[in-house]
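The values are calculated or read from the model by the stated rules, or taken from the named source; none is laboratory data. These figures come from a predicted structure and were not determined experimentally. When we count neighbours, we look across all protein chains shown, and the Cβ atoms used for this are built from the backbone with ideal geometry, even at glycine. Quick note on the areas: whole protein, heavy atoms, side chains included, nothing else; ligands and nucleic acids left out. Shrake-Rupley method; radii C 1.70, N 1.55, O 1.52, S 1.80 Å.
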Amino acid sequence: MGFIYGNVVRRLHISSRSISRMSAKPEVDVNNYLASAKLSNRSRLILGNESADMDSIVSALVFAFVRTKSTNNVYVPVVNTVKQDLPLRTDVAFLFAKLGLETNALTFVDEVNFRTDGIEEVVLVDHNRLTGSQEALSDRVTQVIDHHVDENLYTTANRKVEGVGSCASLIVQALSSQAERSILLGNECLCHLLLATILVDTVNHDQKLQRSTETDKRACDIIRSSSGVVDSDALFRSLQKAKFDQSRLSSSDLLRKDYKQWNLNAINLGIATTGLPLESWLERDGDSVRSELYRYKGTQSLNMLMVMVAFFENLDEEEAPEFRRELIVVSDDAQLLTYVVDGLSEDKAGLELEHLEIQQFSEDVRCFSQKNVRISLVDDKLSLSTVSKVGVVIEGESAQHRKRDDREHFTVKENVGGEHLQWRRTPNRWNSAGG
């Protein structure tokens, strides 16, 4: 992991001018705070989501820092993944190194015992439902700040759930008191973190992708002058290059770096997201790609594995980079594979899939170029009809769906979420029962 982390930083050019713009004090303040919070009694947690992406980590860190400084109570930002997996977030590793922030000072989920640590208060950022062992904290959720589909939980908490491009934008909006705003804008490092995150999540406010909202733009306007960022476009390009520079990750790391799993009554479905183009992956690893896909599928006990490939072309050129998506669907259940692929290929699914003939793969591994790049099976707020053929509605965080009558329904577990969809199984196929 240290090898990956080091190479991410070494292979990416870091402008000495941009670093010199950062004064010594802001990052020292943040590092000292993180180290102190890690050693605290952890009674108040700011908890990001289980994908532990840049938005989740930065939103938790900034909100916890400002809340601590403004209340004199110690709030601990928790990175909701195990410590050893952080270097897989190559853009986060790059950004923290760029700003001189110590990732070892962060508090990770495997360093917190949610049952015995005396937790009194929990603030959820970048998700609005606790999952797994963390569900035991439900009665201690006091605030929710999120931009995913609202599951309408924790109704007595202070809730801000709005469908914007980045949760970081809602953090800027939430820190609105004079004291909070003064602390935020007085720390160049925090503003740099937030601006970088919003640029990544909105794809630099690209109008074609329709990810940016007025809330995102206003948040950038508030923090930009305090961020020390001279060239937002250059910052965005460096972050994208870091995010999609996954050529040194092994096939196993590519599949597990951003992975979510759904446990249905009849089907175990896993979806991995990677930034290495399929062509580059095959050129590097050849026939072993298929064996690694099946090895990972077996390790996770899946009926079906999907791999969403998302990447930019022309990142190193002067012309505007082009965003691309590909999809890999793997299953040795021919009937299930055909049913799902047919469903995703229908016009109403909106993905605009174009089949790719891959010599190294047989019929049990289907590959597609996705022409409608605005839709992501995991991250976007898709309508029920878009993915009803698959048996899941995916939005990004976790949700539990329980039986409401005598039909079988699926249960979404771990770091996954979405709207309600009921399913029942007949001897020959899987049928949507609405919901």
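Of all the helices (runs of 4 or more DSSP H) wholly in segment 204-272, which have at least 2 residues that are modelled with pLDDT under 95 and of a type outside the set (Phe, Trp, Tyr)?
Values: elements: 214-223, 232-244, 251-256.
In segment 204-272, 232-244, 251-256 are the helices (runs of 4 or more DSSP H) which contain 2 or more residues that are modelled with pLDDT under 95 and of a type outside the set (Phe, Trp, Tyr).
Among the residues of segment 53-79, the ones that are free of Cβ contacts under 8 Å to residues at least 40 places away in the same chain, part of a loop (DSSP other than H, G, I, E, B) and either polar (S, T, N, Q) or touching a strand residue (DSSP E or B) at 6+ places or on another chain (Cβ under 6 Å) (or both) come to 2 in all. Exactly one residue out of Phe108, Phe114 is of a type outside the set (Gly, Ala, Ser) and modelled with pLDDT of 95 or more, and it is Phe108. In segment 93-119, the residues that are within 14 Å of Ala242 (Cβ to Cβ) reach residues that are among the acidic types (Asp, Glu) and surrounded by fewer than 17 Cβ atoms within 10 Å (Cβ to Cβ) with C-beta atoms within less than 8 angstrom, at least six apart or across chains, in these pairs: Phe96/Glu102. Determine if segment 310-323 includes at least one residue that is more than 18 Å from the chain's Cα centre (by Cα), modelled with pLDDT of 85 or more and among the small types (Gly, Ala, Ser). Checking segment 310-323: not a single residue is more than 18 Å from the chain's Cα centre (by Cα), modelled with pLDDT of 85 or more and among the small types (Gly, Ala, Ser). Note on segment 124-144: residues that are open to solvent by less than 20 Å² (accessible area, probe 1.4 Å) and of a type outside the set (D, E, K, R) amount to 10.
The set of residues in segment 96-152 being within 25 Å of Asn31 (Cβ to Cβ) and part of a loop (DSSP other than H, G, I, E, B) consists of Gly100, Leu101, Glu102, Leu106, Val112, Asn113, Asp117, Ile119, Asp126. The residues of segment 43-76 that are open to solvent by 40 Å² or more (accessible area, probe 1.4 Å) and either within 17 Å of Ala196 (Cβ to Cβ) or not β-branched (Val, Ile, Thr) (or both), listed by number, are Arg44, Glu50, Asp53, Lys69, Ser70, Asn72, Asn73.
All of (1) farther than 22 Å from Glu313 by Cβ; (2) not aromatic (Phe, Trp, Tyr); (3) not assigned by the TED database to the domain that holds Asn49 hold for Ile223 with one exception: (3). Looking across segment 81-108, the residues that are open to solvent by 10 Å² or more (accessible area, probe 1.4 Å) and of a type in the set (Val, Ile, Thr) come down to Thr81, Val82, Thr103.
Within segment 221-249, restricting attention to residues that are within 20 Å of the chain's Cα centre (by Cα) and without any contact (Cβ under 8 Å) to a residue 60 or more places away in the chain, which residue is most open to solvent (accessible area, probe 1.4 Å)?
Ser247
On the stretch given as segment 97-130, residues that are of a type in the set (A, V, I, L, M) and touching a His at 6+ places or on another chain (Cβ under 7 Å) total 1. For segment 291-350, the set of residues classified as closer than 13 Å to Ile267 by Cα, open to solvent by 30 Å² or more (accessible area, probe 1.4 Å) and among the small types (Gly, Ala, Ser) consists of Ser301 only.
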